[in-house]
Structures are given as C-alpha cells and as structure tokens.
Amino acid sequence: MHMDVPGVTAESLEDWLRYLESLHPSAIEMGLERVANVQYELGLIPRFPVITVGGTNGKGSVCAMLEAILQSAGYKTGCYTSPHLIRFNERIRIDGEDIENASLCQAFAQVEAARRNCHTSLTFFEFGTLAAMYLFVQARVDVAVLEIGLGGRLDAVSIFDPDCAILTSIDLDHIEYLGDTREKIGFEKAAIFRHGKPAICADTDVPDSVHQHATKIGAQLSRFSKEFGFQSKDKQWDFWGPKGWRYSLPVPALRGSKQLQNASACLAALDTIHELLPVNMNAIRQGLIKATVPGRFQVVSTQPMIILDVAHNPAAAAVLAQNLAATSCTGRTYAVFSMLQDKNIQGVVQKLKDEIDVWLLFSIQSPRAASVEYIEQEIRNAGFPGEDLPIYRFSDGVEAYAFACEQASKNDRICIFGSFYTVGDVLNHLHMPPRA
C-alpha cells in the first residue's frame, strides 16, 4: 500500500519508526477511545482465541511459555510483547518468528491510513498494538497472546477482549499512572478480566481490589495457592489446578525462582480454556523446555558468569537478588548498571546491595535516562554512605561492560541490569541473538 507519509520511504522500517515516534507529543496517553476508533476503521475483530497477560513483573516469561506450549501443541501462534531489546520486530512474533520488516511496514501503512480517516492521534505503543493485531488477522493465527503494556484498564491491548486473562503479579511501578498502592494498581490491572471468562492471578497476596472487581463483573477468578499451585521436587515439579494434578513436569528452561509460579499460571490458564485450545501433556513438557526470554536472568557465560536481567523496579530487583543468592559465586559481583530517571533507583539498589560488590555506572541513551551522578547518589542514599564504595563511571554500557570483563576473574560474575535499555545496549554490541 503506497501512502504519502512525510519523511517515510514505504519500505523503510527505520523511517516508519521515526515517524511513529513523532506522531504524538507524549509516549503515554491513557485511554481507549482513540485506539478503538482506529480499530473500528480497520475492522480488526479477531476470530481466534485471545489470551491477555498483565501484571508488574513476569509478563514476558508467561507469554513465552504460553507461546511455546501452544506452538508445541500444533497451533499457529501470534505473540505481542513489549518493549524490545534490540529490534522492534521482536515485539511481534508469528509462530515463534520475529515479524519481517516488509510485513511491518505494510501493517503500519494500513494503520496510518485508518488513523488519518479517523482524524485522531496514536501513541507509538498504540500504533504497534494495532499493527500486531492486523498482522495476526492477516496470518490467520490460531491463537494470540497479548502482553499488556502498562496497567490494563486504559492500555491499548484492552480493546481486544480476551478469552482468558492472566495477572502475574501486582507491585508498585508506574505509580504516576496507576496509583501509589497495591490496591489501586490491582484495580487498574484487574480491568483486563471479562465477564464469564477465566481470570488467573499468580500473585501470592492478591489485593482485595482484584477479587472485588472479578466478583463485580462476574469473571471466573482462579488464584495462586487457592485454585491452583505447584509442589517443587528435585529437578521436577507437580502442578495442581482446575483439571487436577500434572506430575513430574520438567523445570522450565527459563531460570529464576519465580518461574514455577509463572508456569503454574500458564497451566491454570490452559486448563480453563481447554475446550477452546486443547493441549496435551507432551506439548506442555516440550513448551516448558523450549520457552526462552532474553534478558530475564539470562546467563550468557559461566567463567566468569555473565547475567543479563531487565529488572527495573524493586519487586523485580528482589527476585534478581534471590536468583543471585541462589547462584554459587566465590568471587566478586560486578554490576553494569543504569536506569531511567522516573524509576525507583534507590528501591532497586536497596534490594540488591548485599549481592553487589562493584558498581559500574553509565547513563542510558534515552531522554528519560538518569545521569550517572544521580544514580551514584541514589546508591549512596540506599545505605552506602562511605567514600570507599567501589563505584566507577563510564560513558556508555559497552565501556562499562568491557571494564568488567577486564577486571573479572573466572570465579567472579558480571550482572548487567536496570532496564531494557541497559540490557539491550550490551546485547546489541555483543552481537548476541535476542532469542535463543
């Protein structure tokens, strides 16, 4: 489809992405009316089951496991996640493969035409969400797994009604948009539930607001440790849920202490929609072993151990700290660290300070980036008042990572964390593939 778009060559994804970033004055504008109008203009009504995944942390892992299990069961899958680490294409996958540039450009052209017909604006995320569903409809996928970007009630993904909704966790993040308590945030996130449809909540302490909203709208709520759960065994685990017990399951390929909880949420969801999407035990086993997510306690080397983790809020940092504590290390731990200014840097550092020996700081290439000076001050505010704390400053993440590699012995470890930008910068310069 040819369209006269200023500064855009129809076949250039880079041109399109620059154009989309310039379309809206802010990166985030909460609300569904604008994006729903463009959806209607496009005629985007999925004729396949939709599973929506929301929550503070763990969304990417749950999406990856669902995608891998459903693929192993023979379904043609569409999966939409955000943000990306290296290439925008990572956000939209069909049958486990990142979408190609040409297909993306065609989808963007269709969305842009509909947007102009509606005389409305779209944010970068809203544009991408509509493009993803357009591509899934065109590809005639059997099922779509959609990750909520922010919150739930006013997130663009919510214009597509799910057949099953999953909440992974409810913690403090994006408080300027979602509220400053777990109850307020829980209400925003529970808005992805639908009347008469399964609603899975994997949080160990479900806020009352989530339960109340599910009851009010008549959603079929299943809660971790109440309606489903797991028992861990040596190198295996057992799941119990709506359809009974599943025994001797393989430990997920995804590393980390929360992954059995995430996997339990996946299996509970699949149990509740088994009539729509039957899945056998073999597919479950294969999917758990196959699922990968870059940047979630991703170990890319063992001597020294090099770990990539996108942890960017205190709850995720607490999980990273647990995982580091559970990983044997006789040497020192170097942190290649940077965060965005609008994140709780001190809270993240507080969770991890006992696991980090040397801090290597830099400023992310983003308008929202925290300066190196600000990050250092937040580290000291978190309980490091002394001047002898090993803190080094660098111009970028690659320089910080190179210094860590020079300094670290085979018994040390290097942990790159703090943001998708932080991990993406290092992955990009290491020329590592974003997906295994």
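The values are calculated or read from the model by the stated rules, or taken from the named source; none is laboratory data. Bear in mind the structure is a predicted one, so any value in this text is a computation, not a measurement. No Cβ is skipped: glycine too gets one built from the backbone with ideal geometry, and neighbour counts run over all protein chains shown. Each accessible area value is taken on the protein alone, full model and side chains, heavy atoms only, with ligands, DNA and RNA left out. Shrake-Rupley method; radii C 1.70, N 1.55, O 1.52, S 1.80 Å.
Filter the stretch 331-346 down to the residues that are open to solvent by 60 Å² or more (accessible area, probe 1.4 Å) and more than 24 Å from Ser409 (Cα to Cα) and list them by number. Result: Gln341, Asp342, Asn344, Gln346.
Just checking, which of Lys243, Lys258 is modelled with pLDDT under 95, surrounded by fewer than 17 Cβ atoms within 10 Å (Cβ to Cβ) and within 27 Å of Val50 (Cβ to Cβ)? Let's see the steps before the verdict.
Numbers: Lys258 fails: surrounded by fewer than 17 Cβ atoms within 10 Å (Cβ to Cβ).
That would be Lys243, the only listed residue that is modelled with pLDDT under 95, surrounded by fewer than 17 Cβ atoms within 10 Å (Cβ to Cβ) and within 27 Å of Val50 (Cβ to Cβ).
In the stretch 193-221, the residues that are touching a residue at least 24 places away in the same chain (Cβ under 8 Å) form Cβ pairs under 6 Å with partners that are among the polar types (S, T, N, Q) and part of a helix (DSSP H, G or I), at six or more places apart or across chains, as follows: Pro198/Thr272; Ala202/Gln261.
Residues checked against (1) modelled with pLDDT of 95 or more; (2) open to solvent by 10 Å² or more (accessible area, probe 1.4 Å):
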position: Lys184; (1), (2): no, yes
position: Phe187; (1), (2): no, yes
position: Ile192; (1), (2): no, no
position: His195; (1), (2): yes, yes
position: Thr204; (1), (2): no, yes
position: Gly218; (1), (2): yes, yes
position: Ser225; (1), (2): no, yes
position: Phe228; (1), (2): yes, no
position: Ser232; (1), (2): no, yes
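Just one of the listed residues (Ser328, Ser301) is more than 30 Å from Ser22 (Cβ to Cβ), outside any loop (DSSP other than H, G, I, E, B), hydroxyl-bearing (Ser, Thr, Tyr) and open to solvent by 30 Å² or more (accessible area, probe 1.4 Å), namely Ser301.
If the condition is being more than 18 Å from Arg18 (Cα to Cα) and open to solvent by 30 Å² or more (accessible area, probe 1.4 Å), then the stretch 96-130 contributes Glu97, Asp98, Asn117, Cys118, His119. The residue list Ala68, Ala64, Ala73 contains one member that is open to solvent by 20 Å² or more (accessible area, probe 1.4 Å) and over 12 Å from Gly128 (Cα atoms), which is Ala73. Taken together, the residues in the stretch 61-76 that are polar (S, T, N, Q), under 20 Å from Arg140 (Cβ atoms) and touching a helix residue (DSSP H, G or I) at 6+ places or on another chain (Cβ under 6 Å) amount to 1.
The single condition from (1) touching an Asp or Glu at 6+ places or on another chain (Cβ under 7 Å); (2) within 18 Å of Gly424 (Cα to Cα); (3) in a helix (DSSP H, G or I) that Ala317 fails is (1). Buried (at least 22 other Cβ atoms within 10 Å of the Cβ) and among the polar types (S, T, N, Q): does that describe Asn313? Criteria not met by Asn313. In a residue-by-residue description of the stretch 279-286, the property of being touching a Pro at 6+ places or on another chain (Cβ under 6 Å), farther than 30 Å from Asp425 by Cα, of a type in the set (A, V, I, L, M, F, W, C) and open to solvent by 10 Å² or more (accessible area, probe 1.4 Å) applies to no position.
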